[in-house]
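Asker: Mind looking over this structure? Questions follow.
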């Protein structure tokens, strides 16, 4: 089931880039990011309330709070930089660089999370890196 969710994520991420590039025209990138963020907040909390999970907030451990907040800060910075890059550059060049986060995430997963390095991961990371450079040059 995770594959279906990952595929949907990729589809909506692709739509995000196109819709953002169209919508950001004539709008400050930081203001556009703030508007997008409000929409995401409303949608996320809407799903929490629809599924009845709002009561689980009291069961979140302190460590989880810290890392969720840090993750939120990283997401916010990512979005701010992404929208600024989209405003200034071509989608076909910005997106491959943004998606280079796949390789960065893999390296961080190996180093920080101790995930196992295997030949498929190494070859895939090299191919993604090469593909990123081909797309942006």
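The values are calculated or read from the model by the stated rules, or taken from the named source; none is laboratory data. Bear in mind that the values here come from a model prediction, so they are computed numbers and not experimental data. All Cβ positions, even for glycine, are placed from backbone atoms using ideal geometry, and neighbour counts span all protein chains on display.
Asker: Do you know which of the residues in the range 101-120 that are in a helix (DSSP H, G or I) and farther than 27 Å from residue 91 by Cα is nearest to the chain's Cα centre (by Cα)?
Answerer: 109
Asker: Determine whether residue 34 is part of a helix (DSSP H, G or I), within 27 Å of residue 136 (Cβ to Cβ) and without any contact (Cβ under 8 Å) to a residue 40 or more places away in the chain.
Answerer: Answer is no for this residue.
Asker: What about residue 31, is it surrounded by 10 or more Cβ atoms within 10 Å (Cβ to Cβ) and closer than 30 Å to residue 113 by Cα?
Answerer: Answer is no for this residue.
Every residue, every condition in (1) modelled with pLDDT under 95; (2) more than 14 Å from residue 95 (Cβ to Cβ), yes or no:
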position: 6; (1), (2): yes, yes
position: 10; (1), (2): yes, no
position: 14; (1), (2): yes, no
position: 17; (1), (2): yes, no
position: 30; (1), (2): no, yes
position: 40; (1), (2): no, yes
position: 45; (1), (2): no, yes
position: 50; (1), (2): no, yes
position: 53; (1), (2): no, yes
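One line per residue, one yes/no per condition, for (1) loosely packed, with under 12 Cβ neighbours inside 10 Å; (2) at negative phi; (3) outside the structural domain of residue 83 (by TED's automatic domain parsing):
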site: 106; (1), (2), (3): no, yes, yes
site: 109; (1), (2), (3): no, yes, yes
site: 114; (1), (2), (3): yes, no, yes
site: 117; (1), (2), (3): no, yes, yes
site: 120; (1), (2), (3): yes, yes, yes
site: 125; (1), (2), (3): no, yes, yes
site: 128; (1), (2), (3): no, yes, yes
site: 137; (1), (2), (3): yes, yes, yes
